[in-house]
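One structure below.
The values are calculated or read from the model by the stated rules, or taken from the named source; none is laboratory data. These numbers were taken from a predicted model, which means no experiment stands behind them. Cβ coordinates were reconstructed from backbone atoms using ideal geometry, including for glycine residues, and neighbour counts include every protein chain displayed. Only protein heavy atoms, including side chains, enter the accessible area calculation; ligands, DNA and RNA are left aside. Shrake-Rupley method; radii C 1.70, N 1.55, O 1.52, S 1.80 Å.
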Amino acid sequence: LKRKPQDALEAWMMYLNNLEGEELEAIAMENPAIRKAMTIEEIFHKSAMERRLYELREKALRDELTMLDGARAEAKQDDIIKFVTTRFKTESLGLQDKLRALTDLQVLDDILTRIFAADSAEDAVNIIQGTVEKALQ
């Protein structure tokens, strides 16, 4: 072995950098997780069907996470809209459209945290615009 990894992180880095041959085998023998990853990788190379099933499972998980993020964003939008509608009545109509256009969860979280300090609809607009601008930087 030309170079022995100092720790598990370095072993993974060597594996992920496409180390091959005896060096990779030696690392895999000392690290069960890398050995398992190599086994799975071999199965994928041998079986197009297994690879396709894996890809479909991964896509389903990503789709589910996207849907959950969308639902969370919608819930935060609803909470903020309820607040500005209750607090500023008809003055909040323009704010509602701006809020519905926002889908970034972090931005909505920041707005939800700061919006309670708004004393007027104009303050609320400034908080929303400031938060969005800050996020874009």
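Equivalent-ellipsoid semi-axes (√(5λ), Cα gyration tensor) for the stretch 27-137, whole Å, largest first? Could you put the intermediate results ahead of the total?
Numbers: eigenvalues 451, 49, 20 Å².
Semi-axes from the Cα gyration tensor: 47, 16, 10 Å.
Which value, in Å², gives the accessible area per residue of the chain when a 1.4 Å probe is used on the protein heavy atoms? Can you show the working numbers first?
On the way: 9870 Å² over 137 residues.
Ligands and nucleic acids excluded, the result is 72 Å² per residue.
Note down the relative contact order for the chain as a percent, whole number, built from C-alpha pairs under 8 angstrom at least six residues apart.
Values: 75 pairs, mean separation 20.6, N = 137.
Relative contact order comes out at 15 percent.
Which one, 5, 129, 71, projects farthest toward the positive side of the charge dipole computed for the chain from Cβ point charges (K/R +1, D/E -1)?
71
Carbon-plus-sulfur fraction of the accessible area of the chain, 1.4 Å probe, in percent? Spell out each step's value before the answer.
Details: 5400 of 9870 Å².
So the carbon and sulfur contribution to the accessible surface is 55 percent.
Determine, for each peptide in 116-122, 21-27, the mean count of other beta carbons within 10 angstrom over its residues, then list the peptides with the highest first.
Answer by packing, highest mean first, reads 21-27, 116-122.
Dipole magnitude of the stretch 1-52 about its Cα centre, charges +1 at Lys/Arg Cβ and -1 at Asp/Glu Cβ only, in debye to the nearest 20?
Using only the charged Cβ atoms, the result is roughly 180 debye.
How many angstrom lie between the Cα centre of the stretch 56-115 and the Cα centre of the stretch 39-54?
Value for the Cα centre distance between the two parts: 39 Å.
Using the per-residue mean of other Cβ atoms lying within 10 Å as a proxy for protection, in what order, highest first, do the peptides 79-88, 62-71 fall? Kindly include the intermediate steps, with their values, before the conclusion.
Details: 79-88: 16.3, 62-71: 10.5.
Highest mean packing first, the order is 79-88, 62-71.
Using r as the Cβ-Cβ distance of residue 98 and residue 26, and R0 as 41 Å, what FRET efficiency do you calculate, to the nearest 0.05?
Result of the calculation: an efficiency of 0.10.
When only C-alpha pairs under 8 Å and at least 6 residues apart count, what is the relative contact order of the stretch 58-137, in percent?
Averaging sequence separation for qualifying contacts and normalising by length gives 30 percent for the stretch 58-137.
Assuming 0.36 nm per residue, please report the length gained on full extension of the stretch residue 35 to residue 6 beyond their Cα-Cα distance.
On the way: separation 29, 0.36 × 29 = 10.44 nm, distance 1.73 nm.
Difference between extended and current length: 8.7 nm.
Using the Cα centre as the reference, give the magnitude of the dipole from point charges on the C-beta atoms of the stretch 1-102 (Lys, Arg: +1; Asp, Glu: -1; all else neutral), rounded to the nearest 20 debye. Before the final figure, lay out each step's value.
Working: 18 positive and 20 negative charges, 106 e Å.
I would put it at about 500 debye.
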